[in-house]
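The structure under discussion appears below in the form of C-alpha cells.
The values are calculated or read from the model by the stated rules, or taken from the named source; none is laboratory data. These numbers were taken from a predicted model, which means no experiment stands behind them. Reconstructed Cβ throughout: ideal geometry from the backbone, glycine too, with neighbour counts over all protein chains shown. Accessible surface areas use protein heavy atoms only, side chains included; no ligands, DNA or RNA. Shrake-Rupley method; radii C 1.70, N 1.55, O 1.52, S 1.80 Å.
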Amino acid sequence: MSETTHDGGVAVTASLSTPSPDDGLSRADLAAKYGLTVSGARPGLFEYVRQLWGRRHFILAFSQAKLTAQYSQAKLGQLWQVATPLLNAAVYFFIFGLLLGARKGIPHEIYVPFLVTGVFVFTFTQSSVMAGVRAISGNLGLVRALHFPRASLPVSFALQQLQQLLFSMIVLVVIMVAFGIFPALSWFLVLPALLLQFVFNTGLALIFARMGSKTPDLAQLMPFVMRTWMYASGVMFSIPAMLADKEGVPGWVGDVLQWNPASIYMDLIRFAMIDDYDSSYLPPHVWAFAVGWAVLLGVVGFVYFWKAEERYGRG
C-alpha cells in the first residue's frame, strides 16, 4: 500500500497484513494471556466455602428480613410463628390422642409435652425443606442480578427456620412447666441436638434447592412427601409402643422408623426435656446416628448443590 506525502512524493508503508501476535491462539489461550475468566464460573470447593463464609453477614441479614416479612400482612404478626404449630398440635391431640388412642405407652400427663415437642421439631425440618425447594426458583431476580455463592439462599432459609424454632422453644418451655416438667441439666442436651438437626436440615435444603431450581413442580409434590414422613416418624405416637403388639410386622420395620433422622432428633429432644420419657424408646447409639445423619446430609447436600453452581438462574 502507498500514500502521497506532503511534497507529492510516494512513500511505501507497511502492509496491513502484518501477522498479529495473537494469531493461532485458542480462546482458552487468549483468555489465559489477558487474564480473562468465565463469568459465573463455578469456583473450587474450598474457594466456594471461603466465599460463602465471606457472605455470612448477608446470610444472617437475609434470614432475619425473611422472618420479619413472613407474617407482615397478618394482624397477629410474629405470633403466628408459634400459633401455627400450636394449632397443629391441638388438632393432632384431638384426632390422634383422643379419637385414635395414639397415647399408648406414654403416660397421660406427659402426652401433651411429648406431642408439642414432636410437632415443633418436625416442623423445623419440614419448613426448611419447603423453603429450600423454592430457594432458587423463588428468587431468580436476585440470582440473576447479583454475583454471590448461590448456597447462601438455602442456608439462609434454613437459618430462618432455626430462628423461628427458637421462638417456639420458649412456648415449649412454658408448656413443660405447666405440666409439671421443670428445667434440669439434661435440657442442655437440646443445644447439640438442635445444632445437628440444623446441619441436617441445611443439607436437605441444599439438595432440594438444586432439584427445585429445574423442577418447580416439586414444590407442589413436597407437602405430600413431608406429610407421609411426619406420620412415619412418631410425631403423634411412640413407635416402639405402637409396634409392640403388632403381629406380622418384622422387627426391622420398627428399627427403620426409629432410625430415620426426623424421629432421632425428636427423640433426643424429648429425652432431654421430659423427665418421664422412657430411655427404652431411644434406638441404640442414638447420638452416633444423629451425628451421622447430620454429617452425611450436610456434606452430600453441599457438594451436590455446589456441582450445579454455574447453572442456577440460567435458562
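Details
- Some residue of segment 216-223 being surrounded by 13 or more Cβ atoms within 10 Å (Cβ to Cβ), under 28 Å from the mean Cα position of the chain (by Cα) and among the small types (Gly, Ala, Ser): yes
- Sole exception among (1) modelled with pLDDT of 70 or more; (2) exposed (fewer than 12 other Cβ atoms within 10 Å of the Cβ); (3) part of a loop (DSSP other than H, G, I, E, B) for ARG103, by number: (2)
- Residues that are among the charged types (D, E, K, R) and closer than 16 Å to ALA308 by Cβ within segment 41-59 comprise just one, ARG42.
- Matching residues, segment 179-189, being in contact with a helix residue (DSSP H, G or I) (Cβ under 9 Å, 6 or more places away or on another chain) and part of a helix (DSSP H, G or I): SER186, TRP187, PHE188, LEU189
- THR125, sole failed condition from (1) of a type in the set (Ser, Thr, Tyr); (2) modelled with pLDDT of 90 or more; (3) open to solvent by 40 Å² or more (accessible area, probe 1.4 Å): (3)
- Just one of the listed residues (SER280, SER263) is out of contact with any strand residue (DSSP E or B) (no Cβ under 8 Å at 6 or more places or on another chain), modelled with pLDDT under 90 and not aliphatic (A, V, I, L, M), and it is SER280.
- Residue match in segment 243-251 (condition: free of Cβ contacts under 8 Å to residues at least 24 places away in the same chain and not in a loop (DSSP other than H, G, I, E, B)): yes
- Out of PHE157, PHE182, one residue alone is open to solvent by less than 40 Å² (accessible area, probe 1.4 Å) and over 20 Å from GLY118 (Cβ atoms). It is PHE157.
- The condition of being under 26 Å from the mean Cα position of the chain (by Cα) and within 17 Å of ILE110 (Cβ to Cβ) does not hold for GLY212.
- Looking across segment 233-252 at every residue that is among the aliphatic types (A, V, I, L, M) and open to solvent by 40 Å² or more (accessible area, probe 1.4 Å), the one that is nearest to LEU100 (Cα to Cα) is identified as MET242.
- ARG144 vs. criteria assigned to a helix (DSSP H, G or I), charged (D, E, K, R) and touching a Gly at 6+ places or on another chain (Cβ under 9 Å): yes
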